[in-house]
Amino acid sequence: MLFHLKNGLLVLFCLFFIFPTESKADILGDIQTDRASYSPGDTVRFRLHLTEAPSGKRLQIDYYFLNKIVDSASFYPADNGYFEWEWSAPENDFRGYLVVISVTDAEETIDRTTIAVDISSDWRRFPRYGFLSDYSYLSQSSIDKTIAELNRFHINGIQFYDWQYKHHLPLKGTPTNPAGAWLDIANRTNYFATVKRYIDAGHRYGMKAMAYNLLYGAYKDAAADGVPTQWRLFKDAYHSNPDYHDLPDSWASDIYLMDPSNEGWKNYIINKMADVFKALPFDGWHIDQLGNRGRLYNYGGREVYLEQTFLPFIVLAKDSLNVSLVMNAVNQYGQQGIAQSPVDFLYTEVWSPNESYADLVSIILNNNSYSDNKLTTTLAAYVNRSLSSKGGYFNPPGVLLTDAVIFAAGGSHLELGEHLLSNEYFPNNNLKMSDGLKKQLIHYYDFLVAYQNLLRDGGEFNRVYLKSKNGISIRSYAQTGSVWNFSKLKDDLQIFHLINFTKANSLKWRDDYGNQPEPDTLINIPVFFTTQKEVKALWFASPDFNGGSVRNIDFRRSGDSVLFEIPYLKYWDMVVADYGAQTALDEEEASYPEKIRFLGNYPNPFNPATRIDFSLNKATDVELSVYNVAGQKIVTLCRQRLSAGRQSFLWNPDSNLPSAVYFAVLKTSDGKKLSHKMLYLK
């Protein structure tokens, strides 16, 4: 029987008799880990607030990889306050775990909580991007508090938005003598000490620090800083109408667009960013743009196809700076070229006409295709944006439905910083996040980490759908009044995602009026799907229920139909059918190949650059070089110690190098040697 739960006694009755109560005591408070992610073998440190003394009661800790317990521990803390313990991270790289902590008394669970742990030696595999936007003179305790809160959401990279002095001169002063303070473009006073303290605090939690800046922005008076007007972009072929982004009169300047294909500008801005990395320990550059500007011309009257300039610019920036790079594809502008560049992941700022929940999924799937499924996607999607000019609170259903769709489709959402993000001008903090929404979002980010190997680690979306046996509309497309089901096959796991739009008043993710209603809770939903494969196990997890922990589901078979009941649906459920007694995810080789191997280069043939991919079965010293057919070394791309797992390096041949076959040669410190053939066509 299908129940719709609403406020009142029916809710209490149904929850009590259908589900075990989640807690009978209030003992377990907030829980933290000491880092946003860990490398294999690291020590994971937990800190749990015990709100009362659990004397005589057992603290049971179970570590789950997907639906299997991989480790357990028990403690008997005597006092309230903070209880700390350690866990040795497994040796498998790029895995997410859910840690379930229970207080038991005579083998009865009386309270429980959960937290996720990401074991990933490189943030590029599963980026969770946050932001900062306030660099006024802040105390160390204030900075530490903000970073600790981001750590609870497992944010492993931070975009430092508008930290800089001028777009064309991001560092005020020199690398050896930087200014202590400066006015940014909005005439806010930013402090060097605040920026530096934020970077250092993020590094203590294992977070990447990314310096925001446009790739082509300059102030009106930039000529005084060595930026000639001849480097600008123009709306006409006669250099009489420069292209610029209009800003309020009270700000320092409008932003004038420079030509990213101009050699003088490229060398200038990359050198200025090099000064930034000498003065501050940023890990990379978050490169911004302003989207499609229409027809543009350089000073000489030649038309400039702006989206075609991004790939060579990023390649040069990578070769020159050797730092992490991320570039905003505003509404997908230029994304296909960006996807072939040496960025750490793909980033899209979403605007009209991409207004629907289905559009968010399409962007993520398109990005997968553009990058040959090698790069994940982060979306900057500003929920409740129309309300950001006013005060008030975010509408939780608008935020949670958007996150549910993005996460289920395999993406992540740039939204968390000193505040929840609702506007493209990141310092705008008019909308507040309620305590209730914050608690729900913690569960969503725990879920994103705990099940990242199903959500963001490959697999193919397919057309195996859940169908309703009675009582509820389940569709393979988003529709108000229905549950949206989309599905994916990964190894021997058939994954079903269910998004609850049964009470939705709109399928537009921005929720401009903040009136997307909270969906009813649905329980015991009878469904079936059709398969000729044998189902060995069936399980369910949701960020809206039981802290995201797994619940096994009973099922029966009738011909090719597998019938069962989904126990609970609020916003988002994940149901997994396991076709194999042991999936590839359970095997060591899923994360570590049996031997080192080349994964190819892309594109191939190539011009002007190609990305060379290989994987290592363990951390080791390597040398990656390129040779011609005569055996002469052309260039060494890497000579360093690398961690286990997938590695990527870009080769951008010198313009004097002829078209020919070349060989990428990989050598390891233990004497292994592999080669891979590549074709360079000029």
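The values are calculated or read from the model by the stated rules, or taken from the named source; none is laboratory data. Here the structure is a predicted model, which means the values were calculated and not measured. Backbone-built Cβ (ideal geometry, glycine too); neighbour counts: all protein chains shown.
See the values below:
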{"read-out": "The range 55-114, subset loosely packed, with under 13 Cβ neighbours inside 10 Å and of a type in the set (Asp, Glu), residue farthest from GLY29 (Cα to Cα)", "value": "GLU107"}
{"read-out": "Strands (runs of 3 or more DSSP E) (entirely within the range 604-659) containing at least 1 residues that are over 21 Å from ALA339 (Cα atoms)", "value": "610-616, 620-628, 633-642"}
{"read-out": "Residue ID - farthest from LYS166 (Cα to Cα), chosen from residues in the range 236-255 that are of a type outside the set (Phe, Trp, Tyr) and surrounded by fewer than 11 Cβ atoms within 10 Å (Cβ to Cβ)", "value": "SER240"}
{"read-out": "Enumeration of residues in the range 464-514 that are outside any strand (DSSP E or B), among the hydrophobic types (A, V, I, L, M, F, W, C) and over 28 Å from LEU421 (Cβ atoms)", "value": "VAL464, LEU466, ILE472"}
{"read-out": "So TYR393, is it closer than 30 Å to PRO248 by Cα, in contact (Cβ under 8 Å) with a residue 40 or more places away in the chain and either among the aliphatic types (A, V, I, L, M) or surrounded by fewer than 24 Cβ atoms within 10 Å (Cβ to Cβ) (or both)", "value": "yes"}
{"read-out": "Qualifying residue in the range 519-529 (condition: under 25 Å from ASP403 (Cα atoms), at pLDDT 95 or above and not in a strand (DSSP E or B))", "value": "yes"}
{"read-out": "Lone qualifier among ALA504, ALA478, ALA577, ALA537 - being in contact with a helix residue (DSSP H, G or I) (Cβ under 6 Å, 6 or more places away or on another chain), surrounded by 15 or more Cβ atoms within 10 Å (Cβ to Cβ) and among the aliphatic types (A, V, I, L, M)", "value": "ALA478"}
{"read-out": "Unique residue being over 28 Å from the mean Cα position of the chain (by Cα) and either charged (D, E, K, R) or within 21 Å of PHE394 (Cα to Cα) (or both) when the list is LYS536, LYS508", "value": "LYS536"}
{"read-out": "Pair list, Cβ under 7 Å, 6 or more apart: the range 653-682 residue under 13 Å from ILE634 (Cα atoms) and assigned by TED's automatic domain parsing to the domain that holds ALA609, other residue surrounded by 11 or more Cβ atoms within 10 Å (Cβ to Cβ) and among the charged types (D, E, K, R)", "value": "VAL661/LYS677; PHE663/LYS677"}
{"read-out": "Failed item, numbered, when LEU50 is tested on (1) of a type in the set (A, V, I, L, M); (2) over 24 Å from LEU379 (Cα atoms); (3) touching a residue at least 60 places away in the same chain (Cβ under 8 Å)", "value": "(3)"}
{"read-out": "Sole exception among (1) assigned to a loop (DSSP other than H, G, I, E, B); (2) over 28 Å from the mean Cα position of the chain (by Cα) for PRO260, by number", "value": "(2)"}
{"read-out": "Any hit, the range 295-306, residues being acidic (Asp, Glu), farther than 27 Å from MET210 by Cα and either at pLDDT 95 or above or not in a loop (DSSP other than H, G, I, E, B) (or both)", "value": "yes"}
{"read-out": "Candidate set from the range 435-463 (those that are outside any loop (DSSP other than H, G, I, E, B) and aromatic (Phe, Trp, Tyr)); member that is surrounded by the fewest Cβ atoms within 10 Å (Cβ to Cβ)", "value": "PHE461"}
{"read-out": "Complete set of residues in the range 647-672 that are touching a Leu at 6+ places or on another chain (Cβ under 7 Å) and either surrounded by 14 or more Cβ atoms within 10 Å (Cβ to Cβ) or farther than 27 Å from LEU316 by Cβ (or both)", "value": "GLN647, PHE649, TRP651, ALA664, LEU666"}
{"read-out": "Matching entry among ALA329, ALA408, ALA358, ALA317 (being crowded, with 22+ Cβ neighbours inside 10 Å, over 17 Å from the mean Cα position of the chain (by Cα) and at pLDDT 95 or above)", "value": "ALA317"}
{"read-out": "Residue within the range 512-525 that is farther than 16 Å from GLN440 by Cβ and free of Cβ contacts under 8 Å to residues at least 60 places away in the same chain present", "value": "no"}
{"read-out": "Candidates LEU150, LEU98, LEU132, filtered to the one that is in contact with a helix residue (DSSP H, G or I) (Cβ under 7 Å, 6 or more places away or on another chain) and closer than 22 Å to TYR451 by Cβ", "value": "LEU98"}
{"read-out": "Selected residue [of a type outside the set (Lys, Arg), farther than 21 Å from ILE287 by Cβ and without any contact (Cβ under 8 Å) to a residue 60 or more places away in the chain] from ALA237, ALA218, ALA193, ALA222", "value": "ALA193"}
{"read-out": "Filter result (in contact with a helix residue (DSSP H, G or I) (Cβ under 7 Å, 6 or more places away or on another chain) and touching a residue at least 60 places away in the same chain (Cβ under 8 Å)) within the range 202-212", "value": "TYR205, ALA209, ALA211"}
{"read-out": "All positions within the range 242-267 that are free of Cβ contacts under 8 Å to residues at least 60 places away in the same chain and among the aliphatic types (A, V, I, L, M)", "value": "LEU257"}
{"read-out": "THR376 being within 26 Å of LYS438 (Cβ to Cβ), at pLDDT 95 or above, touching a Phe, Trp or Tyr at 6+ places or on another chain (Cβ under 6 Å) and among the polar types (S, T, N, Q)", "value": "yes"}
{"read-out": "Answer from GLY130, GLY173, GLY157, GLY180 - the residue that is outside the structural domain of ASN368 (by TED's automatic domain parsing) and of a type in the set (Gly, Ala, Ser)", "value": "GLY130"}
{"read-out": "Exclusive hit being aromatic (Phe, Trp, Tyr), buried (at least 21 other Cβ atoms within 10 Å of the Cβ), modelled with pLDDT of 80 or more and over 30 Å from ASN395 (Cβ atoms), set PHE598, PHE614", "value": "PHE614"}
{"read-out": "Any pair with Cβ under 9 angstrom, 6 or more apart, that starts in the range 161-181 at a residue that is under 18 Å from MET258 (Cβ atoms) and ends at one that is part of a loop (DSSP other than H, G, I, E, B) and of a type in the set (Lys, Arg)", "value": "GLN164/LYS172; TYR165/LYS172; LYS166/LYS172"}
{"read-out": "ALA36 outside any strand (DSSP E or B), at pLDDT 95 or above and either surrounded by fewer than 17 Cβ atoms within 10 Å (Cβ to Cβ) or not assigned by TED's automatic domain parsing to the domain that holds SER468 (or both)", "value": "yes"}
{"read-out": "Among residues of the range 351-381, those that are among the β-branched types (Val, Ile, Thr) and in contact (Cβ under 8 Å) with a residue 60 or more places away in the chain, counted", "value": "3"}
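Listed here are the residues, each with its yes/no results for (1) in contact with a helix residue (DSSP H, G or I) (Cβ under 7 Å, 6 or more places away or on another chain); (2) buried (at least 21 other Cβ atoms within 10 Å of the Cβ); (3) within 23 Å of LEU247 (Cβ to Cβ); (4) in contact (Cβ under 8 Å) with a residue 60 or more places away in the chain.
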| position | (1), (2), (3), (4) |
| --- | --- |
| ILE269 | no, yes, yes, yes |
| MET273 | yes, yes, yes, yes |
| TRP285 | yes, yes, yes, yes |
| PRO312 | no, no, no, yes |
